[in-house]
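The values are calculated or read from the model by the stated rules, or taken from the named source; none is laboratory data. None of these values were measured; they are calculated from a predicted model. Cβ placement follows ideal geometry from the backbone for every residue including glycine, while neighbour counts extend to all protein chains displayed. Protein only, heavy atoms only, side chains kept; ligands, DNA and RNA dropped before computing areas. Shrake-Rupley method; radii C 1.70, N 1.55, O 1.52, S 1.80 Å.
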Protein chains: 2
Amino acid sequence: MEKTKIDVQELARVLKLLGDSTRLSIMQYVSKGECCVCELVELLDMSQPAISQHLRKLRDANLVVENRKRKWIFYRINEHHVAYELIHQLLEELPSVDDEFEELDRKNLRIICD
Amino acid sequence: MEKTKIDVQELARVLKLLGDSTRLSIMQYVSKGECCVCELVELLDMSQPAISQHLRKLRDANLVVENRKRKWIFYRINEHHVAYELIHQLLEELPSVDDEFEELDRKNLRIICD
DNA sequence: CCCTTGTATAAGTAAATGCTTATATGATTA
DNA sequence: TAATCATATAAGCATTTACTTATACAAGGG
């Protein structure tokens, strides 16, 4: 069974989306578990529309999927994307974001919703 | 021995460069062996200045290294780049470019220079 | 029902990008 | 030394990008 090959244009499209530090960070956060928009706004210290627009691009490319719970919209990485394994490896090269999540907890800005 | 981590900004910079199908193809070609500019112009069917400008970006980012031989300038992938292993894995996801190199041979446009 | 909260979208803008054409540079050859 | 070949650089331009501010929309809570 031959491993699936990815088209150059398609891979370039994905890499272009990941080639922005805000979006790359978003991908890292949402790969650790679901994040809602307001959490990402806090984690990345950026305006809500800016985050929303980045999320739209990632969603349009199917790199993330949304999950609506009560009044929040949670995003998580799409594990079924053709390039998921590759993206996962990329993200593993990055320093941990555990501290950022802990700080979010300390500030009581983590949204727990089950 | 902990594996070297790459800064988010730095990885994003690399991915941004790879997030262009022309440059991604160039990287693929020069990872298979040295290519001079005129070969890349032929392989990618683009203008010489366009290729040159893409090569400059890749060279500035240390993703490729140049090697001057006689009147040609050959480029090859920089195996010592921090993200080399990662890039190598990315390139392995792409379909082979052997046919393109063979066509170059058939057209007698391959530069052999030793 | 209103009012608030969370998120999305629209419009505008400055900066970056990727080409083009024209020209410069540098090495090779006649 | 002049002509040629391979490549680089400069300038110009249309398009894309990533923000901003303002507004819309959708879900909950009083």
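Of all lysines in the structure, those lying under 26 Å Cα to Cα from A:Lys57, and not within fewer than 8 positions of it along the same chain, are A:Lys5, A:Lys16, A:Lys32, A:Lys69, A:Lys71, B:Lys16, B:Lys57. Where does the Debye-calculated log10 I(q)/I(0) of the protein assembly as shown sit at q = 0.09, 0.12, 0.16 Å⁻¹, using only Cα point scatterers of equal weight, no solvent? Log-scaled intensity ratios, in q order: -0.44, -0.72, -1.09. The apolar share of the surface of chain A, taken as the fraction of accessible area on carbon and sulfur atoms (1.4 Å probe, ligands and nucleic acids excluded), comes to 44 percent. Residue ranking by accessible heavy-atom surface, 1.4 Å probe, largest first, among A:Ile73, B:Ile87, B:Ile112 comes out as B:Ile112, A:Ile73, B:Ile87. Per-residue SASA remark: A:Asp20, around 40 Å² accessible (1.4 Å probe; ligands, DNA and RNA not included).
Counting heavy atoms of the protein chains alone, A:His88 has an accessible area of about 70 Å² for a 1.4 Å probe.
Note: relative contact order over chain B, using C-alpha pairs below 8 Å and six or more positions apart, is 27 percent.
Output the 0 to 90 degree angle, nearest 10, between the alpha-carbon long axis of helix B:21-31 and the longest principal axis computed from the alpha carbons of chain B. Here the helix axis deviates by roughly 80 degrees. Judged by the mean number of other Cβ atoms found within 10 Å, the most tightly packed of the peptides B:60-72, A:99-111 leads the ranking B:60-72, A:99-111.
Counting protein heavy atoms only and a 1.4 angstrom probe, how many square angstrom of accessible surface do chains B and A bury in total, to the nearest 100? Before the final figure, lay out each step's value.
Values: alone 7730 and 7760 Å², together 13280 Å².
Buried area between the two chains comes out at roughly 2200 Å².
Axis angle, to the nearest 10 degrees, between helix B:8-18 and the longest C-alpha principal axis of chain B: 20 degrees.
Averaged across the residues of A:6-17, what count of C-beta atoms belonging to other chains lies within 10 Å of each residue's C-beta?
6
Along Cα→Cβ at 7 Å, what distances in nm separate the B:Arg13 label point from those on the other copies, shortest first? Spacings between copies for this position, smallest first, are 2.9 nm.
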